[in-house]
1. Note the full-extension length gain between Asp126 and Tyr76 as 0.36 nm times their separation in residues minus their Cα-Cα distance, in nm to one decimal.
2. In what order do Thr225, Thr148, Thr192 fall by count of nearby beta-carbon atoms within 10 Å, going from fewest to most?
3. Take the Cα pairs of region 156-293, get the Kirkwood Rh, then feed it into Stokes-Einstein at 25 °C and 0.890 mPa s and tell me D in µm²/s.
4. Compute the Rg to Rh ratio over region 70-255 from the alpha carbon atoms, using the Kirkwood formula for Rh, and round to two decimal places.
5. Rounded to the nearest angstrom and ordered from largest down, what semi-axes does the equivalent ellipsoid of region 248-318 get from its C-alpha gyration tensor (root of 5λ)?
6. Taking R0 as 51 Å, what's the FRET efficiency between Trp289 and Leu263 from their Cβ-Cβ distance, rounded to 0.05?
Amino acid sequence: MAQSELLESPAEPEPRPETGAGAGNSRPGRPRRRDSEPLRPARPSGPVRRRPVLQALGLTFTLLAVLVLGFFVYLYGLSGLSEQRAQSALYKTFAARLAVGTAPTGPTAAGAPVAILNIPAIGVHDLVVVEGTSAEQLTQGAGHLRATVLPGQYGVSTVFGRDATHGGPFAHLMELRRGDRITATTGEGTATYVVESFGTTADPAPDPTRNRLLLETGAGPGYPTGWAQVSADLWSAPVQTPTAWPAVAPAETALAGDPDALLPLMLWTQALLVVSFAGSLAAHRWSRWAALLCTAPVVLALVWALYENLSLLLPNLY
């Protein structure tokens, strides 16, 4: 055949694919969709995005739950470490004042150490008693009610101590028995007391002895709803008593909280929110790990201060 004839001849049509029963076996690949099958919606190629509002709410509630749980960890665990550190510093200060004869024998500044208690029957050894019974003072250990005499002096001396938080120095107070001995060391020497009776909010300790020591702590199932009391008679010779004692503020009475801690609590909360927002913004625009390393220590310090002030709103004998 000539070349001109090849060029002028029409092209043969391409064979159509078979549609019969054997067509599926002749072509490899995915099976063909039947006309009766419904169309399936196409799946999105990218990742499914969550709703930002729900995600923000979930994160907020998670952080609140962590803060609440952390407060209980602080209250029943870490606050005891603060009390131990305060007791160590107070003991050194009071021992130095005893050595040079400058320990207080009358009214003194709030928070100053005034005595050292030893109650061997319940494992209390060298417990420093500070002046004052507000919630803040009782975070450091036991507190002396300022309207009463110091231990060892003529009259009734009252000492408060927490039951569960901040070390709970009086947690086992009601395990004492009649006849157990208590010693109290002040700037005037060491006084010896013997446990005589017990009492509660509804029924105070029945003890008519003029010279005695009252020890009080919180009482109740879990959260304190009243106070428990131990009365001990003075067996050693009483020492001289000052003629005047200051009045007791409402925040120093049994089971009272410290309302002055409310304003610092609000300020620490605002500071925590500002730092948290700044850290989130830095993580979004800068680097997540770098922002975490910069803000985490500040956040922890603010949370600690927040917990400290929040605990002061609770009853001082708790």
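Quick note: the coordinates plus some simple rules give every number you see, no bench work behind them. As the structure is a prediction and not an experimental result, all values here were calculated from the model. Methodologically, a virtual Cβ is constructed for each residue, glycine included, from the backbone with ideal geometry; neighbour enumeration extends over all protein chains shown.
1. 15.8 nm
2. Final ranking by Cβ density, sparse to dense: Thr225, Thr192, Thr148.
3. Values: Rh = 18.8 Å.
Roughly 130 µm²/s, to the nearest whole number.
4. Values: Rg = 15.4 Å, Rh = 16.4 Å.
Rg divided by Rh gives 0.94.
5. Numbers: eigenvalues 246, 20, 7 Å².
Each semi-axis is √(5λ); the values are 35, 10, 6 Å.
6. 0.90
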